[in-house]
Ligand SMILES: Nc1ncnc2c1ncn2[C@@H]1O[C@H](COP(=O)(O)OP(=O)(O)OP(=O)(O)O)[C@@H](O)[C@H]1O
Ligand SMILES: [Mg+2]
């Protein structure tokens, strides 16, 4: 008797595949839809200049979204990103402007210290979560408060000006009219996607996010992976802080306001599974662009910030529903 | 005391989960090149016992002697490093990954592309997976996600992992529970082939026919206790059932049978 293993569940396969594809293509279709609508409604939307504008506007949220994508793929979350951006930003600014030592600290060294501080806080959350199985929304919530307080302590609660030009390059300069901040964001995105697609570490993030117990039984060091994604997410807050300092030309302990939820929303808008194991950086780029294009287009049409928030809320609601439905 | 043809000895293994005593002072001996069946009612402690060996659990007390040396197996990585491969009852497949990714999970082939940068060798792994699948006569695309597979296909994918390396001990926890008669027979053939190639095997099954077809000895657990080992010749259905159900051999001779029928 010949039996055909492949034919066992063809029709339910088809439906499942369609739904799963909708998780991948849904965001792209939504983005195209937004582009079509705004291109028709206003002729200032689809210009080279305005597109660069959108990219520049989304870069900082995008950088944070990359870090959070690592966490969400692994079925973790990082709630501390906004306060971490503030803390590491004011720390670097304080060092380069000589608030602490009698002399100013050279920019590269200040950046390294900032990175070290950010990674250390991420490591605390990562250790508590991976070692003691404390949900990451709790451990990173603790870091949120910690970083918030540290930011206020370091900056004395005041904005820090007089930032040297070399620290502002990424946030301010352009190459061939393309803002460096955009190139910075896209390079980080590319490298992150390559890590996810081609390295064992990237695969293990998916494995742990998909079934932590199975990953452990197959010999994956689950603790190390969970630890690492929270450290990576913390490192990206330092990248975001550097870009942000250049964009606003100073650093202050409140500069992260509004930087927690949009990156997380962008990741989900991009089709990454809320519960881990599915998604990628390209999706996150699409999600970030959906947020950015929506705000930009509505702005061009004269809709104010409140209307933009309502629109983003509606889109996010649909996306979350799709996200869950697509996974049955 | 290290018997030359004893590859593994578990002594006095005890494991509790809170109030539940899953294993109470259990011994197990595995001879080199043998297939040891492990039988027992649902909840008797079979999976718990082999999980102490595959690093999924750490026993509360007891010793494990592997190749003449006492070892502690703290996690599945250490078990694999020792050469102990397991097909778990719960399969341990990541539903969101492809068959190839699941087969190689934890031991991906990589190649160095830059100093410090290694990437996965996806082509090699896929070719190898294709071979394994055709060896087990599973006609599915190795790129397919595991959550798109049928229950039997998943079980076969989990089993195919043991063929990837050349382990010293292979543990199979109910490897045929979801399989058709034909597929189950192929797995039994596979088990015998792996034995011929030098592996020592622990097979857990509720199917006496499967067990008797391949096992040399059958050990029975009853409510977390070790109630005896039977050579396959004396392992009649009645004997096994008696031990499984009551922990003693009632039908033998009529008087209080000695439960520990050993080799
Ligand atoms: N992780 C766990 N937490 C709590 N109790 C457990 C756990 N794993 C097993 N047990 C308990 O230990 C006992 C033995 O379970 P085990 O899975 O080893 O049985 P088994 O012999 O493999 O049964 P089956 O034939 O049904 O697979 C059961 O009473 C079970 O409820
Ligand atoms: Mg079991």
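So the values come out like this:
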{"quantity": "Boolean, residue B:165 is touching a residue at least 12 places away in the same chain (Cβ under 8 Å), exposed (fewer than 15 other Cβ atoms within 10 Å of the Cβ) and either within 16 Å of ligand 1 (Cβ to nearest atom) or assigned to a loop (DSSP other than H, G, I, E, B) (or both)", "calculated": "yes"}
{"quantity": "Considering residues of region B:173-219 that are assigned to a strand (DSSP E or B) and more than 14 Å from chain A (Cβ to nearest Cβ) only, the residue nearest to ligand 2 (Cβ to nearest atom)", "calculated": "B:204"}
{"quantity": "Pairs where the first residue, in region B:132-150, is more than 8 Å from chain A (Cβ to nearest Cβ) and the second is surrounded by fewer than 15 Cβ atoms within 10 Å (Cβ to Cβ) and assigned to a loop (DSSP other than H, G, I, E, B), C-beta under 8 Å, 6+ apart", "calculated": "B:133/B:139"}
{"quantity": "Matching residues, region A:188-206, being facing chain B (nearest Cβ under 9 Å) and free of Cβ contacts under 8 Å to residues at least 60 places away in the same chain", "calculated": "A:194, A:198, A:199, A:200, A:202, A:203, A:204"}
{"quantity": "Flag if residue B:153 is under 30 Å from residue B:33 (Cα atoms) and surrounded by 23 or more Cβ atoms within 10 Å (Cβ to Cβ)", "calculated": "yes"}
{"quantity": "Test: residue in region B:17-36 that is under 17 Å from the mean Cα position of the chain (by Cα), crowded, with 16+ Cβ neighbours inside 10 Å and outside any strand (DSSP E or B)", "calculated": "yes"}
{"quantity": "Residues located in region A:223-277, provided they are within 14 Å of another protein chain (Cβ to nearest Cβ), buried (at least 19 other Cβ atoms within 10 Å of the Cβ) and closer than 22 Å to residue A:131 by Cα", "calculated": "A:225, A:276, A:277"}
{"quantity": "Residue in region B:10-23 that is more than 16 Å from ligand 1 (Cβ to nearest atom) and modelled with pLDDT of 95 or more present", "calculated": "yes"}
{"quantity": "Checklist (1) buried (at least 17 other Cβ atoms within 10 Å of the Cβ); (2) within 14 Å of chain B (Cβ to nearest Cβ) applied to residue A:121, failing item", "calculated": "(2)"}
{"quantity": "Residue among B:41, B:24 that alone is in contact with a strand residue (DSSP E or B) (Cβ under 8 Å, 6 or more places away or on another chain), closer than 19 Å to residue B:204 by Cβ and within 16 Å of ligand 2 (Cβ to nearest atom)", "calculated": "B:41"}
{"quantity": "Unique match (being loosely packed, with under 15 Cβ neighbours inside 10 Å and under 29 Å from residue A:178 (Cβ atoms)) among A:36, A:96, A:24", "calculated": "A:36"}
{"quantity": "Which numbered condition residue A:217 misses (of (1) over 23 Å from residue A:179 (Cβ atoms); (2) away from every other protein chain (no Cβ under 14 Å); (3) touching a strand residue (DSSP E or B) at 6+ places or on another chain (Cβ under 8 Å))", "calculated": "(2)"}
{"quantity": "Flag if residue A:200 is out of contact with any helix residue (DSSP H, G or I) (no Cβ under 8 Å at 6 or more places or on another chain) and loosely packed, with under 15 Cβ neighbours inside 10 Å", "calculated": "no"}
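Conditions tested, residue by residue: (1) in contact with a helix residue (DSSP H, G or I) (Cβ under 8 Å, 6 or more places away or on another chain); (2) more than 18 Å from residue B:221 (Cα to Cα).
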{"site": "B:25", "(1), (2)": "no, no"}
{"site": "B:35", "(1), (2)": "yes, no"}
{"site": "B:51", "(1), (2)": "no, no"}
{"site": "B:76", "(1), (2)": "yes, yes"}
{"site": "B:79", "(1), (2)": "yes, yes"}
{"site": "B:99", "(1), (2)": "yes, yes"}
{"site": "B:104", "(1), (2)": "yes, yes"}
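The values are calculated or read from the model by the stated rules, or taken from the named source; none is laboratory data. A quick note: this is a predicted structure, and the numbers were derived from the prediction, not measured. Counting neighbours? That spans all protein chains shown, and the Cβs are built from the backbone with ideal geometry, glycine included.
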